[in-house]
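The next block holds one structure in the form of structure tokens; read it before the comments.
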Amino acid sequence: MDDRELQQFEDALRRSRPSRLPAGFSERVDAARRKDDGKADNIIDARDAFQWFRPLLNAAAVAAVVFGLILFFSPGQPPADSVAEGESVTNQSVEESVQVPRGWQPVKAGNTVEDAHDDGIIYSGDGVLSRSIRYKFTDNYRWVNPETGATIEFSIPHESRIVVPVETD
Amino acid sequence: MAESDPADDTWSHWFHEYGPRLLLFARQQTRTEADAQDVLQDAIVRLWKSNDKHRDSAPAIPDLPLVYRAIRHAAIDLGRKTDRRVRREQSSEYVLDENRDKVEWFGGSSLEEGERNAALEAELQKLPEKFREVLVLKIWGEQTFAQIADALAISQNTAASRYRYGMEALRKSLKPEQFSP
């Protein structure tokens, strides 16, 4: 079938017209549309009724965020019983009070070897025969805030090249 | 006597003009006439609602390609629900009579037109759905291949090739004397 025949056949098919809408269908769709409009209006009205409450909610949310930030970043307070008011303080206790951890402190630092690759024999700068080995590490750290008990753990990948002199006879 | 809203008049006129072809497309996407009507209603209401969000004046008449796309999405949603319902009904030995609300796809006043349209509907129904929906959109929906591709989420080339396959299959199956130029 070429394009002309296709067009003629299409025109012939188009002579058949889609049947009319069933009786009452248009009214039914229109009613559904209006009903839906009504629902939307009611929702908007209900929202309007609580407009006065919104600034209060916003203010409460801002206050909560600020309070949380203050708690999170504030340094830890010394324990209440560490130095009692009016009590004589010895040098040792002063030292201890100075050493009392405040705020965040590191509690763990370590690394693990993830991979090692032997790059072979090289000549180092001073002409010494050496073996170059590349190590891939992951450094792991943990910090704790003793006042809040919060913990931060993080890992940093890094790569080192170690040059080992080769003994030759 | 209350005056009619001009926006309502526009809507009524638009739906009277395009409703039949929209319903014809909805019939291709659904199993029963009742489902087709539900899908078309759902699509119209959805589009109306989305238009309402962006307007301050009278409701806008939706673009035809948008309506076809909305019909398809509504049919997919309904299909998911119906599948669950049919499984539930089959498990309770409920027999679903899909032909109980059968209506003719094409209208005609004379006996000759009636026979012709019945033959066309019968042969259209035999076509695979993917061909049939493209034919309906192109011939009776008066959509371009770009618009068909958009509505059915296929490429324009796919739409064009499905149209050609569908037309050739339809031409072979229909009596030439009934559909001659």
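The values are calculated or read from the model by the stated rules, or taken from the named source; none is laboratory data. Note that the structure is a prediction, hence the values are computed from the model and not measured. FYI the Cβ positions are ideal-geometry reconstructions off the backbone, even for glycines, and counts take in every protein chain you see.
Okay, here's what the table says:
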| read-out | value |
| --- | --- |
| Residue check, B:ASP56 in a helix (DSSP H, G or I), farther than 30 Å from B:ARG171 by Cα, modelled with pLDDT under 90 and among the acidic types (Asp, Glu) | no |
| All positions within segment A:143-157 that are within 21 Å of the chain's Cα centre (by Cα) and surrounded by 15 or more Cβ atoms within 10 Å (Cβ to Cβ) | A:TRP143, A:VAL144, A:ASN145 |
| Residue within segment B:75-82 that is within 10 Å of chain A (Cβ to nearest Cβ), at pLDDT 75 or above and surrounded by 11 or more Cβ atoms within 10 Å (Cβ to Cβ) present | no |
| First in segment B:166-181 and more than 10 Å from every other protein chain (Cβ to nearest Cβ), second anywhere and hydrophobic (A, V, I, L, M, F, W, C), Cβ under 8 Å, 6 or more apart | B:GLY166/B:LEU127; B:GLY166/B:PHE131; B:GLY166/B:VAL134; B:GLY166/B:LEU135; B:ALA169/B:LEU127; B:ALA169/B:PHE131; B:LYS175/B:ALA119 |
| Test: residue in segment A:109-116 that is under 30 Å from A:LEU69 (Cα atoms) and either in a strand (DSSP E or B) or at pLDDT 85 or above (or both) | yes |
| Top-ranked residue of segment B:12-53 - restricted to ones that are in contact (Cβ under 8 Å) with a residue 60 or more places away in the chain and not in a helix (DSSP H, G or I), ranked as surrounded by the fewest Cβ atoms within 10 Å (Cβ to Cβ) | B:ARG31 |
